Amino acid sequence: MDRTKAKREDNGISRFILGWLAALLPAVIGAWPANGAQPPGNGPFVLKAESFKPYIEFFNSNDDKLYPAYISDSEVWNFLKNNVPLFDCPDKDIEEIYYFRWWTYRKHIKLTPDGFIITEFLPEVPWAGKDDSIVCATGHHFYEGRWLADPKYLDDYSRFWFRQGGGNPRQYSTWLADALWARYVVNGNTNLIEELLPDLVTNYLAWEQSHHGANGLFWQTDDRDGMEMSISGNGYRPTINSYMYGDAVAIANIADLTGKPGIARQFRAKAARLKQLVQEKLWNPDAQFFEVLKQDGKPANARELLGYTPWYFNLPDDNTIAWKQLTDPHGFYAPFGPTTAEQRNPLFAIAYQGHECQWNGPSWPYATSVTLTAMANLLDNYWQNVVNRQDYFNLLKIYTKSQHLEPPGGKVVPWIDEDLDPHTGVWIARKLLEQRGSDIPERGKDYNHSTYCDLIITGLVGLRPRADNIIDVDPLIPDGVWDYFCLDNVHYHGHILTIVYDKTGKHYGKEKGLWVLDDGQEIASSRGLGRISARLKTERQTSIN
């Protein structure tokens, strides 16, 4: 039975125009606009960008600059203040890592002879493709980068995989069509996805030619899933099958949007068939978990974090019982986790020897990002009582804590790398490469293999992007945890959105509750942290293609 919740329609919350300017507000706050005093598109409307500049200065001061970036440390503040949503909250650890991850993301914007691309590693690595490109984490690159105001970076990157660049979109399994659709529901620009629709169809059919089994599922090696040394190994994996489901749904949506009903029907049928097969064949009823099916037809009998991937794409009809393993210390829960394999599995291992990238126990930001996105979908779209908002917040806090490093004789600094010890927080690959005298110094520093900012925007703050002109906000912050937060300067469908919560009304100097501003004008409000919806005040589209 399909237990997903229907999206709520416009809740009819009364609207009114703010009629007076806030008086003296805390240092972090700018002037709340009076009656739309600022012209549309001139954000931010609540937060002062300069209040967050010290984060960037701190990150710059601790940067070894081993690999020069297209957007240099001296230029990064101007780039960020003009391109990314501003975020203010009482948890300064989360706030710091939010800005840190934008600071690291811009390092991976690389100008090549083929235009801009987004890299995974800062140094060149021998297994990369053209221009040091690696498709494995491209889905993460798009989900994170879709919030940049300037579209040229991801426009070029989109075409790189199919047109001008000669990138290899099937070097690893990933979710390219879904990622392009995810970007569309933020920027509202149909031109690029219409242009690339034939390429997305061709790419999907090529996967069917090379990786489609007789049972209707897609097979993949764990290495080409980017998950080498896993317990389950090769087979019909929940990862690639979920990715292909997500891509089929996205292609159908793009085809509907651009007037290609035949393609839409074809790919909607493919998605429906995959949805059925994943639930019939990859769900292990004994383990109550989505698992790898070996090519001999037997389950791998290993609960791994990849079993949550189907929820990233809202694929399952139910089976929410699987989520109880996420908070179980014998399952995936760990102080610097989650672990990539359940800890009760006899093959679970944290090894400081052998291959530096192992998926049989260490925590990987890549998988944690997928899991948190999937968990936000679960909380937003499913009726269940297995996990709640506090569980989501706790996992996000763990993920935040894990993104640090204490160098010998130095102070703890924000850090993102490859895999880490889920019990101690030590970055495993970094330690092993250092011990072995790697000829690629700090290979994993500022590793771009995961998301964080998108988790804050769409999960914690709860802006749920849609293709229509409805604004849907459902914060996943547990009641009583924060008294205030603000997400400002959000470029969305050609508008600037601001989402504000103030429990008392004193922090931001206005009335208490949750507010949504569209180009500085209030369009929805609630007295508490509940879900609110509203229509954009116009359907003005972005003028930048």
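The values are calculated or read from the model by the stated rules, or taken from the named source; none is laboratory data. Just so we're clear, the structure is a prediction, and the values are computed from it rather than from any experiment. Note: ideal-geometry Cβ built from the backbone for every residue, glycine included; neighbour counts use all protein chains shown.
Tabulated results
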{"item": "Matching residues, segment 324-364, being of a type in the set (Ser, Thr, Tyr) and in contact with a Phe, Trp or Tyr (Cβ under 7 Å, 6 or more places away or on another chain)", "result": "Thr327, Thr339, Thr340, Ser363"}
{"item": "Qualifying position, being in contact with a helix residue (DSSP H, G or I) (Cβ under 7 Å, 6 or more places away or on another chain), among the small types (Gly, Ala, Ser) and either touching a residue at least 40 places away in the same chain (Cβ under 8 Å) or more than 19 Å from Ala322 (Cα to Cα) (or both), among Ala351, Ala376", "result": "Ala376"}
{"item": "Residue in segment 116-133 that is in a helix (DSSP H, G or I), of a type outside the set (Ser, Thr, Tyr) and closer than 22 Å to Pro365 by Cα present", "result": "yes"}
{"item": "Of the criteria (1) in a loop (DSSP other than H, G, I, E, B); (2) out of contact with any Asp or Glu (no Cβ under 6 Å at 6 or more places or on another chain); (3) under 18 Å from His140 (Cβ atoms); (4) not basic (Lys, Arg), which one Asp468 fails", "result": "(3)"}
{"item": "Residues (in contact with an Asp or Glu (Cβ under 9 Å, 6 or more places away or on another chain) and not in a helix (DSSP H, G or I)) located in segment 96-110", "result": "Lys110"}
{"item": "Out of Ile321, Ile251, sole residue that is part of a helix (DSSP H, G or I), hydrophobic (A, V, I, L, M, F, W, C) and over 23 Å from Tyr143 (Cα atoms)", "result": "Ile321"}
{"item": "Any hit, segment 435-452, residues being part of a helix (DSSP H, G or I) and either over 30 Å from Ser533 (Cβ atoms) or among the aromatic types (Phe, Trp, Tyr) (or both)", "result": "yes"}
{"item": "Failed item, numbered, when Trp311 is tested on (1) under 20 Å from Phe289 (Cα atoms); (2) free of Cβ contacts under 8 Å to residues at least 24 places away in the same chain; (3) surrounded by 18 or more Cβ atoms within 10 Å (Cβ to Cβ)", "result": "(2)"}
{"item": "Residue pairs meeting the criteria (Cβ under 7 Å; at least 6 apart or on separate chains; first in contact (Cβ under 8 Å) with a residue 24 or more places away in the chain, in segment 406-419; second of a type in the set (A, V, I, L, M) and outside any loop (DSSP other than H, G, I, E, B))", "result": "Val413/Leu405; Pro414/Ile97; Trp415/Leu405; Asp417/Ala429; Glu418/Ala429; Asp419/Ile428; Asp419/Ala429"}
{"item": "Pairs where the first residue, in segment 202-213, is under 16 Å from Ala177 (Cβ atoms) and the second is modelled with pLDDT of 95 or more and surrounded by fewer than 18 Cβ atoms within 10 Å (Cβ to Cβ), C-beta under 8 Å, 6+ apart", "result": "Asn203/Arg170; Ala206/Arg170; Trp207/Arg170"}
{"item": "Meets criteria (part of a loop (DSSP other than H, G, I, E, B), in contact with a Leu (Cβ under 8 Å, 6 or more places away or on another chain) and not aromatic (Phe, Trp, Tyr)) for Ile457", "result": "no"}
{"item": "Selection count, segment 420-452, where residues are touching a residue at least 12 places away in the same chain (Cβ under 8 Å) and of a type in the set (Asp, Glu)", "result": "3"}
{"item": "Candidate set from segment 122-168 (those that are among the small types (Gly, Ala, Ser) and surrounded by 20 or more Cβ atoms within 10 Å (Cβ to Cβ)); member that is farthest from the chain's Cα centre (by Cα)", "result": "Gly165"}
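Residue-wise test of (1) of a type in the set (Gly, Ala, Ser); (2) under 20 Å from Phe485 (Cα atoms); (3) modelled with pLDDT under 90; (4) surrounded by 13 or more Cβ atoms within 10 Å (Cβ to Cβ).
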| residue | (1), (2), (3), (4) |
| --- | --- |
| Thr4 | no, no, yes, yes |
| Ser14 | yes, no, yes, no |
| Asn35 | no, no, yes, no |
| Gly41 | yes, no, yes, yes |
| Lys48 | no, yes, no, yes |
| Pro54 | no, yes, no, no |
| Ser72 | yes, no, no, yes |
